[in-house]
Structures are given as structure tokens and as C-alpha cells.
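All of the numbers you see were taken from the coordinates with simple rules; none came from a lab. Note that the coordinates shown come from a computational prediction; the quantities given were computed from them, not determined experimentally. All Cβ positions, even for glycine, are placed from backbone atoms using ideal geometry, and neighbour counts span all protein chains on display.
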Amino acid sequence: MKTMGSRPIIRVLVAVSLAGLAAVLGPGPAGASASPGGLPPEIARHFTPAEVVSGHAYMSGRYRIFAAGTALRLAILVVLVFTPASAALRSLAVRLVPAYPAIAVAVYVALLVVLVEIVTLPLGYYVGFLREHAYGLSTQTQAGWFLDRAKAALITLALAVPMGVVLSLLWRRYPGRWVLPAWGLGSAVIILLVALAPIVIDPLFNTIRPLQRPDLRERVLALAARAGIPVDQVYELDASRRTRKGNAYFTGLGHTKRIVLYDTLIAGSTPEEVELVLAHEIGHWQRAHIWKGIGLSILGLGILLWCGARTLEWAAGRGGFHLAGPADIAGLPLFLLVCSILSLASLPIQNAISRTFERQADLTSLELTQDPTDFIRAEVTLARSNLSDLDPPAPIVWLLYSHPPVAERIRMAEAFAQAPSRPQSGQPVAP
Ligand SMILES: [Zn+2]
């Protein structure tokens, strides 16, 4: 009787999940261009129609997979929240270690992580292995893929179990007042993870070594001198063991701060294009985007914790959630459900901020190199190797794009080249 009210919600969520899966398995929208007026002129100038079609086919599937994956994760949480499943999992954990409540919490969190891993494994295998091979993007063996997945699951366990235990301890020790200490601890964990990931987590998946090619090292040092920052920590990563895609990123804090280039990017680009990508990452460095990102994450964490706490207090007073009280660890899926819904709702804001950071880094790279021609070449090379959607629908950009679309980035470089205030570099913009 208690779950009467929740059954329609489960039905809706299951229906949404099935619709998401059907969308993944069904055919994509026909035609290559999402724009009613045809392709953006920048795209028509730099890419072939076949490149537009293949990028669109690859990425439109990724959008549907995002929808399916999101629906699946929400459905898992909804089932745990609105059925006695989470309470049963907690009872099982307590039966296993009746004398040690903290260890019972650890067992509960571990069971939860394993459950989510198992349910999401088929979709993960399809997206990360089968589909990447079907598009000729993956270089990974099946064993390699499963090893990566196992490592990632162990890292999740190593992080989630202690965090779950501490959270449950705070719930019991400071009922009604646990948000502030949890926020403080969570903020410290965010900063620690950003600082340590480049030297603790990343090497578990890749070999990362200082940039090898002397000609590129010289360019890096010259660029850093022009930018006025001590950029000598430039590394290359053996991405080619998994993928043919190219990429680069800026990561770490303090002594672990570094720019990392994929070996695939280095191999598939001219030195000038690599320099442009480096200058973009220096732009993130100069503008302290990592610290700004950390600040925004901490702000977001505070909002999630506060909303999660209010929801748990509200739910504890109702029978439908099978909770023994607001400090019952069986309420963790409800807490996570609130966090997931809020994160999803704020995705357009998160991505709009990210796109702003990316535009700033793009502008810095143009200012540092004064080379819009190679900026455009680098964009074109990356878009080709990564099967980018060259004409993504505007609502998809708004919702999912952390970077501006290719056409916008090319347009920015063309505008930079034509700006009257810019010193002439003598190079025309390549058609
Ligand atoms: Zn960037």
C-alpha cells in the first residue's frame, strides 16, 4: 500500500528509459544538415559533403546514447528510491557485518556501486567499444577495454566507499546540520582530486612522459616566454593505444599543473597546428580556468548538498521511501537522485560557462600565435580525426556542447584575421 503513489512514477521512468534505448537503436534523422538554410559557409568551405555526413551520423548517435544513458541511470535510482530495494540492500549489508555499522555502510555503498556498474555495462560496452570500432575510431582490444572498465570501477569504489561512510557518519552525528561540514570536506576532496589526478589516477590508464620531439619542445618554450608564464610542464600521452581521436588538455594544480597532448594529435598534425593547440591550453592556464572551475564545482556541491538534505528530511517522514530516518544510508539513492536531476537541469549552464572558457582560450591562442590560418587548419584536422558534428542542432549545442561548434571557432579565426587592429602577419586565411 505504501508504494501505491510511487508506481506511476516507476512506470513513467521505465517508459522514458525504453524510449531512450529505442532512440539509440532506431535510425537517426535523415540528411546531413541540421540547419534549415543548409550548411554554415565555413563548413562548406573546409569540409567535403562526405565528412559532414559521417560526422553527423557518428555524433547524432552519441546524442541519443547520452539520452539513453541518462534515462538508465535515473531509472536505476528511481527503482531504488521508490521500491524497498535500497532498504533490502541496507538490511543485507547489516546482516553481513552486524557488529560494525560503519563497515555495514561501506558494504552497502560497495553493493550499490557494483549494481550500477553491472546494469550500465552493456550500454558502456556498446558506446565505448563496439560503436567506436564500427566507426574506425578505436584501436583497443576487447581485453583492453574491459581492463579499463575494471580499473575505473575500482577507482569509483575507492572513492565512493569512504565518501559514503563519512557522509553517513555526518548524517548520524550532526542531524539537521550536516550540510556545512559535508560541504567543507567535499570541497577539500575536489581540490585534492584535481591536484592528484594527473600523478595518481591518469598514469593508471596511460603512459605520460615529457614531450619528446625537440622541435615541438622549442616551440613550447618560445610560446610560454611570449605568454609570460612558466610552461615547461608539457607532456604527451599514449592515447593511440585506445583511439585515433586527437585531443589535448590542461590539468592539475601547483606542482602537478601541466598541459598534456595526445600522441595522436602530435602524429596527425603539423608542428604549426600543434602549436595552436598548445596556445589554446596556455589560454586556459593564463586565465586560471582550473581554479574557476573548482570554484564553480564547490558552489554546485553546496547547492546539491543543501537540496539533498532537505529532500532526505522530507522523505524520512513519509512511509513510501522505506527509510528508518533521515540518517538511514538506504536514503543514499534518493540523495543521488536529487543530485542527478539538479546536475542535469544545470547542464546548459555548466556547458555555457565551459563554452565561454573555450572561446577565451581560442582568443588567447590567436593573440599569442597571430596565426589564424593554422588555427583553422588545426580545427579542421581535429574535427576530421574526431568525426565532429559539423552542423549540430542549436538545442543540442545549448544542452551538451562544452566547446563551441567547429563553424563558430573557424568564424572567430576568420574575424580575427580580418580585424583592422591586428598587426599583419602576411598570411592570408586559407580557404
Ligand atoms: Zn580548451
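The residues Ile290, Ile43, when put in order of fewest to most other Cβ atoms within 10 Å, stand as Ile290, Ile43. With angles folded into 0 to 90 degrees, how steeply does helix 332-345 sit against the dominant principal axis of the chain? Use alpha carbons for both and round to 10. Taking the Cα atoms of the chain, the angle to 332-345 is about 30 degrees.
Simple spin-label estimate for Arg359 and Gln142 gives 4.7 nm between the two label positions (7 Å along the Cα-to-Cβ direction from each Cα).
If R0 is 41 Å, the Cβ-Cβ spacing of Ile103 and Trp291 corresponds to a FRET efficiency of close to 0.65.
Looking at the chain, what % of its DSSP beta bridges pair antiparallel, to the nearest 5? Can you show the working numbers first?
Values: 8 of 12 bridges.
About 65 percent, rounded to the nearest 5.
Using the Cβ-Cβ distance between Ile191 and Met163 with R0 set to 22 Å, the FRET efficiency works out to roughly 0.90. Working from Cα pairs under 8 Å separated by at least six residues, relative contact order for the chain is 21 percent. The length gained by stretching the chain between Ala50 and Thr256 to full extension, at 0.36 nm per residue less their Cα-Cα distance, is 70.0 nm. By the count of neighbouring beta-carbon atoms within 10 Å, fewest first, Phe335, Phe66 end up ordered Phe66, Phe335.
Specify whether the C-alpha gyration tensor of region 332-390 places it in the rounded, prolate or oblate class, a ≥ b ≥ c being the square roots of the eigenvalues: rounded for a/c under 1.5, otherwise prolate if a/b is larger than b/c and oblate if not. It is prolate, given that a/c is not under 1.5 and a/b is the larger ratio. Compared with the direct C-alpha span, the chain from Leu96 to Cys307 gains 72.8 nm at full extension, assuming 0.36 nm per residue.
The long axis of helix 101-125 is offset from the longest Cα principal axis of the chain by roughly 50 degrees.
Measuring between their Cα centroids, region 241-278 and region 34-113 lie 27 Å from each other. Grab the DSSP H runs of the chain that are 4 residues or longer, score each as -39,500 (n - 2.57), total them, divide by all residues and round the 222 nm result to the nearest 500 deg cm²/dmol. Counting only the DSSP helices, I get -22000 deg cm²/dmol. Remind me, relative contact order of region 148-274 in percent, using alpha carbon pairs under 8 angstrom and six or more residues apart? For region 148-274, the relative contact order is 20 percent.
How far is helix 289-316 tilted, in degrees, relative to the longest principal axis of the Cα atoms in the chain, given as a value from 0 to 90 rounded to the nearest 10? Once rounded, the angle reads 20 degrees.
Considering only Thr141, Ile199, Val165, and ranking their Cα positions along the charge dipole of region 132-215 that arises from unit charges at the beta-carbon of Lys, Arg, Asp and Glu, the one farthest toward the positive end is Val165. For the modelled label position 7 Å from the Cα of Ile298 along Cα-to-Cβ, which residues of region 157-187 have backbone nitrogen atoms closer than 15 Å? The answer is 180-187, whose backbone nitrogens lie closer than 15 Å to the label point.
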